[in-house]
1. Can you tell me how many residues in segment 124-149 are of a type in the set (A, V, I, L, M) and surrounded by fewer than 18 Cβ atoms within 10 Å (Cβ to Cβ)?
2. Is one or more of the residues making up segment 19-28 part of a helix (DSSP H, G or I), among the polar types (S, T, N, Q) and loosely packed, with under 12 Cβ neighbours inside 10 Å?
3. Which number in (1) buried (at least 16 other Cβ atoms within 10 Å of the Cβ); (2) among the hydroxyl-bearing types (Ser, Thr, Tyr); (3) modelled with pLDDT under 90 marks the one condition that residue 155 misses?
4. Here are some residues: 79, 100, 165. Which one is at pLDDT 90 or above, basic (Lys, Arg) and under 17 Å from the mean Cα position of the chain (by Cα)?
5. Report the residue count in segment 79-108 for those that are closer than 22 Å to residue 171 by Cβ, in contact with a strand residue (DSSP E or B) (Cβ under 8 Å, 6 or more places away or on another chain) and outside any strand (DSSP E or B).
6. In segment 27-60, what residues are aromatic (Phe, Trp, Tyr) and farther than 16 Å from residue 166 by Cβ?
Amino acid sequence: MKTLIGILLSFSLLMVMGCTAHQLPVYTHNENCKLVGFRPGLEPQGFNGIKWETELATLAKMKHYRKDPAHGGIDFYLRAGDGYKLKNGKVLPIQYGFWREKFYVGQVMTEKASDWDALKQSVFEEFGVGAKPFTNQEEYLWIGKNATMALRFDTLLKMGTYYIRSHSMEKKMN
């Protein structure tokens with residue numbers, strides 16, 4: 001019995017210490033943040049040549065990559081021979097997200113700080129600097145008539161994400 005109590009106490013202590021070591025960050029709202037749209041003529045009508053709501057069956061070389069359970073399931077695909085070229089010359093895979101077989105979101109992810117910096121530079125050069133809604137978070141947003149774009153760095157995971165998603169598809173998903 002003493003052994004069982006000792007194990008339970010040790011487990012409880014580890015859980016408490018583990019939980020406090022990995023707290024989620026609290027974001028501080030940027031009161032000076034102003035909505036940023038796209039420059040005239042630059043709002044994406046899709047991602048990397050695939051227009052919003054394109055049927056998956058009409059696209060060649062698409063290979064299923066993963067399923068995200070959000071919104072009833074978004075299936076992500078990679079396209080053979082396709083990639084997003086960073087300013088440092090590295091090419092990252094583009095994930096194409098489909099909801100009910102229609103194109104909804106394009107996404108690129110980084111796993112290194114140097115790739116994040118190159119991705120951020122590429123996006124800023126093409127679209128300008130987005131709105132920065134939080135003072136203590138590396139996140140930028142662009143809101144257009146037909147699309148939302150985001151660029152963010154997760155400091156806990158040390159991973160960057162860049163995505164553009166369709167407003168019309170999002171309305172259908174809700």
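1. First pass over segment 124-149, keeping only residues of a type in the set (A, V, I, L, M): 129, 131, 141, 143, 147, 149.
Filter once more, so that each one left must be surrounded by fewer than 18 Cβ atoms within 10 Å (Cβ to Cβ): 129, 131, 141, 143.
Here the count works out to 4.
2. Residues of segment 19-28 part of a helix (DSSP H, G or I): 19-21.
Remaining after also requiring among the polar types (S, T, N, Q): 20.
Remaining after also requiring loosely packed, with under 12 Cβ neighbours inside 10 Å: 20.
Yes, segment 19-28 contains at least one residue that is part of a helix (DSSP H, G or I), among the polar types (S, T, N, Q) and loosely packed, with under 12 Cβ neighbours inside 10 Å.
3. It fails just one condition, (1).
4. It is 165.
5. Residues that pass the stated criteria total 1.
6. Going through segment 27-60, the residues aromatic (Phe, Trp, Tyr) turn out to be 27, 38, 47, 52.
Within segment 27-60, just 27 meets the criteria.
The values are calculated or read from the model by the stated rules, or taken from the named source; none is laboratory data. The model shown is predicted, which means the values in this text are computed figures rather than measured ones. Note: ideal-geometry Cβ built from the backbone for every residue, glycine included; neighbour counts use all protein chains shown.
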